[in-house]
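First comes the structure, then the notes that go with it.
Derivation of every value follows stated rules applied to the coordinates shown; laboratory data play no part. All values derive from a computational prediction rather than experimental measurement. Using ideal geometry, Cβ is built from the backbone for each residue, glycine included, and neighbour counts are taken over all protein chains shown.
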Amino acid sequence: MSDVNPQYIELRSHTCFSFSDGAISAEALAKHARQLGYTHLGITDTADLGGLAKFAVEAMSPLKDPTCPDAERHDAEYCKTCQYPVRPIVGAELNVDGYPMAFLARNEEGYCNLAALVTLARVGQWEEWDKKIQGKRRGRPKVRWEQVATHANGLHAMTGPASGELASFVRGGRTTDAVQLLNRWRDAFEPGALSIEVQLHYTGGHEAALASELIELANSEGLPWVATQDPRYVDERGRLVHDMLTALRYDLTIDVAAERGLLHPNGEWRLLSPREMAARWRGREEGLRESLRVAERCTGFTLDWMRPPLPDFHKAKVGAGMSDVDDNHALRRWTEEGMRERWGEPTPRQWQQIEHELELIANLKFPGFFLVMADAIRFARSKGILCQGRGSAANSAVAFCLGITAVDPVKHGLLFERFLSARRRKSRAAGHRRRFRARAARRSARLHVRHVPPRARGDHRGDTVFPRADRGPGRDARARLPGRDGARDLEARAR
Ligand SMILES: [Zn+2]
């Protein structure tokens, strides 16, 4: 891949989503990386993937920055300073059996495995649960090696910083243990998906010695080693914040934390530019080249990787006699049924709106989402639970026909594009397209069901029959939903 920065890619950045161990927002990190000339940047927050979407949206869709030194030329041309996209390399640092180790997703399967490991780390180990301890103090997320080994597909592993297990063995002169450990890791990951991590923060001779020994081990074992800086912030102010966070984590004042050696000894845990890293590792360039190789293998991330898997509607479709019909057709059929319940014989304008929305929903691959919502609403109504879709979803005629919302958007001339829009997708660059997808996802997330407490029941005004109330036996008591005025009243009363 030719567009990787030819000097170095930082694979191990942390954002403030490394709680109490990162002192920069994901957005600011993206901006800073762009200014430093990074083409790619790896994010490995500690047992957390929360910063990835924020980073990716900002990094891949850079805006024209008014503070950019070339701002006056922004109207005329594409600005390489502030509009250059930085592609995210997504990963996480995990505590594996007590030692930090980093993993990057090489593909979508790897991302799913990473997400599973983060979940496992946060859920904790039942056998370690001790009410006396956990009741007072929250534990730290961690996983066991066996869990990592079963989720290794699609992941690239890095062996961790100086406090990592491999570095600890090497520092203690336990070469045999180090080699055994490497063999265990090598067996678990795909060929070429393991790099020995080497860092230089200029903390003294012992660090330089450790780096040399790790490189020697890599060479003797025939494994690649990669230079990383493992940054937590981008400048001196960030370092101060990081020191404060560290002191807070140990429940100490900064002075005491410094006395006890808990703070980083210098400000070198900042994001260095590719040029600075090249200078730092002059004469040992293979660690820089390895960062480029890993970046190339882990560069395919899109926000689509983060789409939550939707439930399988196979059963529901079988029940409705549509077992061999895909989600788009099922959505169309249920919408058309609902349409007749709502409007009787639809007018050309109503038809046109429905067709327009269905096409867009299909293009954006959102039918499953509408089916989930309709199913949730149907279930709630069958149990006599009042509920109502809200937000900009009220602009969708399909949502109205499925009974998700109560406002007729055709009658009121509401704009569906406020809810979902494909216009940007067609007209803008790929980066902007992803930005839009993130927005669309956020918007659709707003289409959630609001539960109305039972005491508000029986207060339907202008009732409208729920369109696709289950038609099976025993469903005579069709669920009904309040009309457009009634919905607001009900919500107001329920509060
Ligand atoms: Zn600019």
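With the highest mean first, a sort of the peptides 24-36, 85-97 on other beta-carbon atoms found within 10 angstrom per residue produces 85-97, 24-36.
Computed about the Cα centre, the dipole magnitude for region 283-382 is approximately 240 debye when only Lys and Arg (+1) and Asp and Glu (-1) carry charge, each at its Cβ.
Listed by chain and number, the lysines whose alpha-carbon sits under 27 Å from that of residue 131, ignoring those within fewer than 8 places in the same chain, are 142.
Here is the link list: 54/80; 383/411; 54/411. Which ones come out longer than 27 Å on Cα distance? Correct reply: 383/411; 54/411. Normalised by 2.2 N^0.38 Å, with N the number of residues, the alpha-carbon radius of gyration of region 153-213 equals 1.16. Look at where the Cα atoms of region 338-400 and of region 216-238 average out, and the two centres are 52 Å apart. Run down the aspartates and glutamates and flag those whose C-alpha is under 14 Å from the C-alpha of residue 365, throwing out any fewer than 8 positions away in its chain. Cross-link targets: 304, 326, 327, 357. Taking other Cβ atoms within 10 Å as a rough exposure proxy, 18, 13, 163 sort from fewest to most as 163, 18, 13. When peptides 253-262, 236-245 are sorted by average Cβ neighbour count within 10 Å, with the highest value leading, the order is 236-245, 253-262.
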